[in-house]
1. Quick one: would you say I176 is under 16 Å from L237 (Cα atoms), among the hydrophobic types (A, V, I, L, M, F, W, C) and buried (at least 18 other Cβ atoms within 10 Å of the Cβ)?
2. Being in contact (Cβ under 8 Å) with a residue 60 or more places away in the chain and within 13 Å of the chain's Cα centre (by Cα) is true for just one of P346, P313, P308. Which residue is that?
3. Please state which of the following conditions M333 fails to meet, knowing it meets all the rest: (1) within 16 Å of ligand 1 (Cβ to nearest atom); (2) of a type in the set (A, V, I, L, M, F, W, C); (3) open to solvent by 10 Å² or more (accessible area, probe 1.4 Å); (4) in contact (Cβ under 8 Å) with a residue 40 or more places away in the chain.
4. Across the stretch 272-292, which residue is nearest to A99 (Cα to Cα) among those that are in contact with a Leu (Cβ under 6 Å, 6 or more places away or on another chain) and assigned to a helix (DSSP H, G or I)?
5. Mind checking which residues of the stretch 147-172 are touching a helix residue (DSSP H, G or I) at 6+ places or on another chain (Cβ under 6 Å) and over 24 Å from M291 (Cβ atoms)?
6. (1) free of Cβ contacts under 8 Å to residues at least 24 places away in the same chain; (2) part of a helix (DSSP H, G or I); (3) among the polar types (S, T, N, Q): which one isn't true of N219, the others all being true?
7. With respect to K242, is the statement that it is more than 14 Å from ligand 1 (Cβ to nearest atom) and either in the same structural domain as I311 (by TED's automatic domain parsing) or in a helix (DSSP H, G or I) (or both) true?
8. Taking the stretch 182-204 as the region of interest, how many residues are buried (at least 20 other Cβ atoms within 10 Å of the Cβ), within 16 Å of ligand 1 (Cβ to nearest atom) and outside any loop (DSSP other than H, G, I, E, B)?
Amino acid sequence: MKVRLIELRIVEMKLKEEFETSFGKTLLRPCIIVRIICDDVEGWAEIPVEYGPWYSYETVKTAWHILEDYIIPWTLGRELESPREFPNIVKGIRGHNMAKAGVEMALWDCYARLQSKPLYEVLGGVRDRIVSGVSIGIKRTVDELINVIQRRLDEGYPRIKIKIKPGWDVEVVERIRREYPDIMLQVDANAAYTLNDLETLRKLDDYNLLMIEQPLDYNDLIDHSYLQKLIKTDICLDESIKCLEDAVRAYRIGSCRVVNIKPARVGGHTTSIEIQKFWMQHGLGVWIGGMLETGIGRAHNVALASLPGVIYPSDISASNRYWEKDIVEPEFMLNNDGTIDVPKKPGIGVEVLEKELEKHTRRIKIYRR
Ligand code: OSB
Ligand code: MG
């Protein structure tokens, strides 16, 4: 496949509800949408960057800069056998995995479409439905949170994840467990604690949580390894795992028993598949995380979640949990059994609604050789 054109656009969409985590609040969600033409097909992907360096150091501006000045010039005009070659093309660029992932994933969409196969199939997926989960932000009061949880359970989400931070943790979890003793419940701290908070983290161990996600520093593996030995609840790492080597090291020193794979965070599908394989070969499971994506990013996440090693519910909810109207058709819907269907059409398997996309576009640029 020959890379003939790359288009970048900054898109901004308004979430139905503000989403608060330990690192801040989001209502207007930006992203960069990547469109690539290879031979005679078009592929799409999404870079879920924010305006500021909160979840990751990458932002809308750094991603645009790295793409425009390095990744795109190094990729345009190339002839590839497979998108698996792409990580090697950009390996001279340190970090900036989200920017890399945008091109890598759009190339996967092209690659699947060139074979007239659905993306999940070319990635090695084995399921036609994935188990959905919902991530609920920090609220003003615990009563408000309980109301939202009830609404999500009524909608049929089989697993609830809540965001925690110091001061919004043990009491909140205690109250949820009182109301819902048996639901599948997990917490995500987005790196808000340190080992000085050991007492709090130990208390969370008493509530039969499915896992505790990224309690400690965003780059850390060592302190997590120390913590995992002191608590029985599985630690899941998100921010700390940026490449296969991180996952290997985390396994070796026991930093976590679960990995949240976000393809954007690890540079795309190729590395996501490698991490999933490694974790599965060691008898452990992963799930696919989310970054409040539009239907384009969601389609990629759904395809990845069909891989065999994905044994926990993923942070992939229906389109209507995020948006008034998604930018793809059909929208992602929650089935009665708490699953989401994996699209079967070629590539990402959903159609991009270009008129809708246009409405939300703030900047667009096309690159050709
Ligand atoms: O840590 O998983 C996270 C959203 C933005 C940034 C980080 C995270 C999240 C979520 C949302 O938890 C999951 C979703 O997209 O539904
Ligand atoms: Mg997380």
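1. Numbers: under 16 Å from L237 (Cα atoms): no; among the hydrophobic types (A, V, I, L, M, F, W, C): yes; buried (at least 18 other Cβ atoms within 10 Å of the Cβ): yes.
Criteria not met by I176.
2. Working: P346 fails: within 13 Å of the chain's Cα centre (by Cα); P308 fails: within 13 Å of the chain's Cα centre (by Cα).
Checking each option against the conditions leaves just P313.
3. The number of the failed condition is (4).
4. If we filter the stretch 272-292 for residues that are in contact with a Leu (Cβ under 6 Å, 6 or more places away or on another chain), which is where we start, we get 272, 274-276, 288.
Narrowing the set further to residues that are assigned to a helix (DSSP H, G or I) leaves 272, 274-276.
Working: S272: 15, E274: 19, I275: 19, Q276: 21 Å.
Once the filter is applied, the top-ranked residue is S272.
5. V170 - this is the single residue of the stretch 147-172 that is touching a helix residue (DSSP H, G or I) at 6+ places or on another chain (Cβ under 6 Å) and over 24 Å from M291 (Cβ atoms).
6. (2)
7. On the way: more than 14 Å from ligand 1 (Cβ to nearest atom): no; either in the same structural domain as I311 (by TED's automatic domain parsing) or in a helix (DSSP H, G or I) (or both): yes.
No; evaluated as a whole, the condition is false for this residue.
8. Of the residues in the stretch 182-204, 4 are buried (at least 20 other Cβ atoms within 10 Å of the Cβ), within 16 Å of ligand 1 (Cβ to nearest atom) and outside any loop (DSSP other than H, G, I, E, B).
The values are calculated or read from the model by the stated rules, or taken from the named source; none is laboratory data. Nothing here was measured: the structure is a model prediction, and the numbers come from that model. Cβ sites come from the backbone with ideal geometry, for glycine too, and all protein chains shown count toward neighbours. The area values use the complete protein model at the heavy-atom level, side chains included, leaving out ligands, DNA and RNA. Shrake-Rupley method; radii C 1.70, N 1.55, O 1.52, S 1.80 Å.
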